[in-house]
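What follows is a short report on a single structure.
The values are calculated or read from the model by the stated rules, or taken from the named source; none is laboratory data. Note that this is a predicted model, so its numbers are computed, not measured. Neighbour counts are summed over all protein chains in view; Cβ atoms, including those assigned to glycine, are modelled from backbone coordinates with ideal geometry.
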Amino acid sequence: MVLLGAHESVSGGLHLAFQRIQQVGGNCLQIFTRNQRQWTAPALTVDEIATFRTAHQHNGDMIIAAHASYLVNLASGKAELLEKSVRNLVLELDRCSQLGIPYVVLHPGSHAGDGIEVGLKRFVCGLDMALGASDGQVQVLVETTAGQGTGLGSRFEELAYILENSRYPDLLGVCIDTCHIFAAGYELLSPAGYAATVAALETTVGLDKVRFFHLNDSKTERSSKVDRHEHIGKGTIGLEGFRNLLQDCRFADRPMILETPKGADLDEDLENLQTLRLLL
């Protein structure tokens, strides 16, 4: 069974994300455990933890990931920002451990003009600090990026460097975002282009390290280095690009999460998931 789901809101309570994913017919889930654009957050209450875990059990213990705060930048050369980023990630890992969430998806951050090599070294150092302070129950999935500005993670080789140089390789994996890798220059549309992309992924990161996917079409052209998500089949990747991925049996057991635009209701998630299932 292919695992298809979406990032859902936790408005009104963390446990309500399960009701929302049920409404759109998803069988995997991604959430924010706390406001993703604030440095400080209240600790989880005993009731929050119990209610979430009960809802998770009632949903067959579906695979779930939390997305780390967008503020976190472990590649920063600014001591204060790095310290805040490490602390924030440690708290995220702790919340996920309490909730029984096995994965945290994390952007590799920005080197802010200091260069890719310097940025990667700083990222690995900060990441290891956070993982060393955790209980080792939650894996960090480093997400691919589009290559915008001074952001890290747009090349598979950069992700491979992180995996190879961390002191905690067993606590690391990768999340592949289709919009991001397409904008970064990787081909998905033709069968041959898709095969070349997966071959590059296999020789650098390793397919066993790919634990999660974000399924997003792209508003911009390939190699644009601009991160703009679009509904499935409505962007420049198109249906054939997603068909190539969904019909690849090597990834049949990996959760695939929508991060496509959505309004006040869940109609867009429902439609996008239906579109994806038609490609199987």
So, A75, is that one more than 30 Å from K219 (Cα to Cα) and of a type outside the set (S, T, N, Q) or not?
no
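Residue-by-condition table, conditions (1) buried (at least 19 other Cβ atoms within 10 Å of the Cβ); (2) among the charged types (D, E, K, R); (3) in contact (Cβ under 8 Å) with a residue 60 or more places away in the chain; (4) farther than 17 Å from G132 by Cα:
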site	(1), (2), (3), (4)
I63	yes, no, yes, yes
E80	no, yes, no, yes
H107	yes, no, no, yes
S110	yes, no, no, yes
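If I filter segment 105-113 for residues that are touching a strand residue (DSSP E or B) at 6+ places or on another chain (Cβ under 6 Å) and farther than 20 Å from T150 by Cβ, do I get at least one hit? Reasoning before the result, please.
Looking only at segment 105-113, we keep the residues that are touching a strand residue (DSSP E or B) at 6+ places or on another chain (Cβ under 6 Å), and these are 105-108, 110.
Then drop every residue that is not farther than 20 Å from T150 by Cβ, which leaves 105.
Yes: one or more hits.
Restricted to segment 1-40, and to residues that are outside any helix (DSSP H, G or I) and of a type in the set (F, W, Y), which residue is surrounded by the most Cβ atoms within 10 Å (Cβ to Cβ)? So that I can check it myself, show each step before the final result.
Applying the first criterion (outside any helix (DSSP H, G or I)) to segment 1-40 yields 1-15, 24-40.
Now narrow it down to the ones that are of a type in the set (F, W, Y): 32, 39.
Numbers: F32: 20, W39: 13.
Filtering segment 1-40 for residues that are outside any helix (DSSP H, G or I) and of a type in the set (F, W, Y), the one surrounded by the most Cβ atoms within 10 Å (Cβ to Cβ) comes out as F32.
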Suppose the filter is at pLDDT 95 or above, farther than 21 Å from T260 by Cα and in a loop (DSSP other than H, G, I, E, B); does G77 pass it?
yes
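Among the residues that make up segment 45-54, is at least one of them under 20 Å from the mean Cα position of the chain (by Cα) and touching a residue at least 24 places away in the same chain (Cβ under 8 Å)?
Within segment 45-54, the subset under 20 Å from the mean Cα position of the chain (by Cα) is none.
No, segment 45-54 contains no residue that is under 20 Å from the mean Cα position of the chain (by Cα) and touching a residue at least 24 places away in the same chain (Cβ under 8 Å).
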Identify all residues within segment 65-78 that are surrounded by fewer than 18 Cβ atoms within 10 Å (Cβ to Cβ) and either in contact with a Pro (Cβ under 8 Å, 6 or more places away or on another chain) or not hydroxyl-bearing (S, T, Y) (or both); write none if there are none.
L71, G77, K78
Restricting the search to segment 244-280, which residues are over 20 Å from the mean Cα position of the chain (by Cα), of a type in the set (D, E, K, R) and modelled with pLDDT of 95 or more?
D267, E271, R277
Please count how many residues of segment 121-157 are part of a helix (DSSP H, G or I) and touching a Leu at 6+ places or on another chain (Cβ under 6 Å).
6
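Just checking, how many residues over segment 163-197 are touching an Asp or Glu at 6+ places or on another chain (Cβ under 7 Å) and of a type in the set (A, V, I, L, M, F, W, C)?
Step one: list which residues in segment 163-197 are touching an Asp or Glu at 6+ places or on another chain (Cβ under 7 Å), which gives 166-168, 175, 177, 179-180, 183, 189, 193-194, 196-197.
Next, from what is left, pick out any that are of a type in the set (A, V, I, L, M, F, W, C): 175, 179, 183, 189, 196.
Number satisfying all stated conditions: 5.
Can V210 be described as surrounded by fewer than 17 Cβ atoms within 10 Å (Cβ to Cβ) and either in contact with a strand residue (DSSP E or B) (Cβ under 7 Å, 6 or more places away or on another chain) or in contact (Cβ under 8 Å) with a residue 40 or more places away in the chain (or both)? Lay out the reasoning, then the answer.
Numbers: surrounded by fewer than 17 Cβ atoms within 10 Å (Cβ to Cβ): no; either in contact with a strand residue (DSSP E or B) (Cβ under 7 Å, 6 or more places away or on another chain) or in contact (Cβ under 8 Å) with a residue 40 or more places away in the chain (or both): yes.
Spelling it out, it is not the case that V210 is surrounded by fewer than 17 Cβ atoms within 10 Å (Cβ to Cβ) and either in contact with a strand residue (DSSP E or B) (Cβ under 7 Å, 6 or more places away or on another chain) or in contact (Cβ under 8 Å) with a residue 40 or more places away in the chain (or both).
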Here's a check for you: in segment 112-161, which residue that is on the phi > 0 side of the Ramachandran plot and in contact (Cβ under 8 Å) with a residue 40 or more places away in the chain is surrounded by the most Cβ atoms within 10 Å (Cβ to Cβ)?
G153
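Confirm whether V72 is in contact with a strand residue (DSSP E or B) (Cβ under 9 Å, 6 or more places away or on another chain), within 19 Å of E164 (Cα to Cα), outside any helix (DSSP H, G or I) and touching a residue at least 24 places away in the same chain (Cβ under 8 Å).
no
Only one of I232, I257 is part of a strand (DSSP E or B) and buried (at least 16 other Cβ atoms within 10 Å of the Cβ). Can you tell me which?
Details: I232 fails: part of a strand (DSSP E or B).
Among I232, I257, only I257 is part of a strand (DSSP E or B) and buried (at least 16 other Cβ atoms within 10 Å of the Cβ).
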Residues of segment 3-59 classified as of a type in the set (V, I, T), closer than 19 Å to V72 by Cβ and at pLDDT 95 or above, total
3
